[in-house]
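Here's the structure, in structure tokens; my notes come after.
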Amino acid sequence: MKIDIRSLSEDELCEFFVKKGFDSYRGKQVYEWIWKKSSYTFDNMTNISKDLRLMLDENFVINHIEVDKIQKSSDGTIKNAVKLFDDYTVESVLIPTDDRTTACVSSQVGCSLDCKFCATSKLKRMRNLNPDEIYDQVVTINNQSLQYFNRPLSNIVFMGMGEPLMNYNNLIKSIEKISSDKGLNISQKRIVVSTSGIPKMIKKLADENLKVNLALSLHSAIEETRNNIMPFSSKFPLNDIKESLDYWYSKTKRKITFEYIVWRGINDSIEHIDALVKYCKSITSKVNLIEYNSIGDEDFQSASPNIINLYKNILEKNKITVTIRTVSYTHLRAHETREERGWGGGGVKKK
């Protein structure tokens, strides 16, 4: 069975060519084609001979993604149903603003977590995405940004399907490839890893000496409420998360972003606002308040704009940086039903 050539390092590719009796620099050429030039076929590798391309085809495959379907919103947002080589589907999104284009990418097929408000949590985790599958999502959205907005991709957020820190090794490899001058050469400072909060893995990420940013899906700074809406979090108390975030900041000196959805009847009270203020004051952080897009569960409905503005005003009075994110820019993991996606949902093999 042929292996995916992108599973090999540059050194391994060079070694392969040497074993076949060719100069090692051929490996460097091929490596540049599959990563920097994002070639999905050996036929495109025009600076190597046809015989060498045939040899590559006999030994390797390139399991690239395909955009199966696209949805475009009036605000310019582009959602992609991304078909993987084994017929699973995940999603990626291009999010444009006046001065930037952001790629929202998935890291898993389905999700292992059980957040009650999240559409993806209804989908069983089938497998982790490989580094090249994450990389391909970024390449695709960069091409779309150039095509539709005449500018390259500027930012990347790991806020699509799945929990990135539960696909840790492939997450790190994909970031290294994306930021490498032999890859897309996108600054790590423009990459955000979003997690639901796994303290051990947050500390591990802090130790990687990367320059990425960290966002945490908080949604309540009251333990009982958070455990009710995110049952898995009962294993990770807020104090443990705080300790890991303090460690993150001590190692990276980069402020944490709290993603915080405000729901009617769940966390739309002064008690919850005060708890959030207290938690934020204990951690070097800022807050993104999110207007919720219902997944059809009557228990989860967006709070009124007045409540969301009250949150904002009280946070600002306490000198906590806060922004309100509209529904158009909320990420896939928490805010869309399969019906809204229009293609049957991710994490499902097509028949």
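The values are calculated or read from the model by the stated rules, or taken from the named source; none is laboratory data. Keep in mind the model is a prediction, meaning the values are calculated, not measured. Here Cβ is always computed from backbone atoms with ideal geometry, including for glycine, and neighbour counts include all displayed protein chains. Keep in mind that these areas ignore ligands, DNA and RNA; they rest on the heavy atoms of the full protein, side chains included. Shrake-Rupley method; radii C 1.70, N 1.55, O 1.52, S 1.80 Å.
The table for this structure:
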| item | result |
| --- | --- |
| For segment 101-109, 3J(HN,Hα) per residue [Karplus equation, 6.51 cos²θ - 1.76 cosθ + 1.60, θ = phi - 60°, Hz, x = Gly/Pro] | 10, 10, 9, 9, 10, 8, 10, 9, 8 |
| The chain - Cys residues lacking any other Cys C-beta under 4.7 Å | C14, C104, C111, C280 |
| Dipole of the chain, positive end: most advanced residue of N128, N213, M201 [Cβ charges, Cα centre] | N213 |
| Sites N47 and E208, calculated FRET efficiency, Cβ-Cβ separation with R0 30 Å, nearest 0.05 | 0.30 |
| Centroid-to-centroid separation of segment 223-250 and segment 255-272 [C-alpha atoms, Å] | 14 |
| Radius of gyration and Dmax over the Cα atoms of the chain, both given in Å | 21.4, 72 |
| Inter-part distance where segment 139-210 and segment 81-101 are each reduced to a Cα centre, Å | 13 |
| Relative counts (whole %) of C-alpha pair distances in segment 19-173, using bins that are 5 Å wide | 2, 9, 16, 18, 17, 15, 11, 7, 4, 2, 1, 0 |
| Packing-based ranking, highest mean first, of 240-246, 180-186 given that Cβ atoms within 10 Å are counted | 240-246, 180-186 |
| Charge dipole magnitude, Cβ of K and R +1, D and E -1 - the chain, Cα centre, debye nearest 20 | 520 |
| Per-pair calculated FRET efficiency, R0 = 25 Å: E66 and T323 via Cβ, rounded to 0.05 | 0.10 |
| Positive-end residue of Q71, M55, N150, charge dipole of segment 39-166 with Cβ unit charges | Q71 |
| Most to least accessible of D43, D86, D136 (protein chains only, probe 1.4 Å) | D43, D86, D136 |
| Degrees separating the helix 10-19 axis from the principal Cα axis of the chain, which is the longest one | 20 |
| Segment 198-266: Lys pairs at Cα distance under 22 angstrom, eight or more positions apart or on different chains | 24 |
| Computed [θ] at 222 nm, deg cm²/dmol, the chain (DSSP H ≥ 4; -39,500 (n - 2.57); rounded to nearest 500) | -10500 deg cm²/dmol |
| Crossing angle, helix 25-34 versus the chain [Cα axis fit, 0-90 degrees, rounded to tens] | 40 |
| Those GluC sites (Glu not before Pro) in segment 257-314 that DSSP places in a loop and that have at most 10 other beta carbons within 10 Å | E298 |
| Ranked order, F22, F60 - accessible area, probe 1.4 Å, largest first | F22, F60 |
| Burial order of peptide ranges 93-101, 217-225 (average beta-carbon count within 10 Å, highest first) | 217-225, 93-101 |
| For the chain, with +1 on Lys and Arg beta carbons and -1 on Asp and Glu, the positive-most of G265, N169, G183 along the dipole | G183 |
| Rounded tilt (10° steps) of 168-179 against the dominant C-alpha axis of the chain | 70 |
| Estimated dipole of segment 207-320 in Debye, rounded to 20 [Cβ of Lys and Arg +1, of Asp and Glu -1, Cα centre] | 720 |
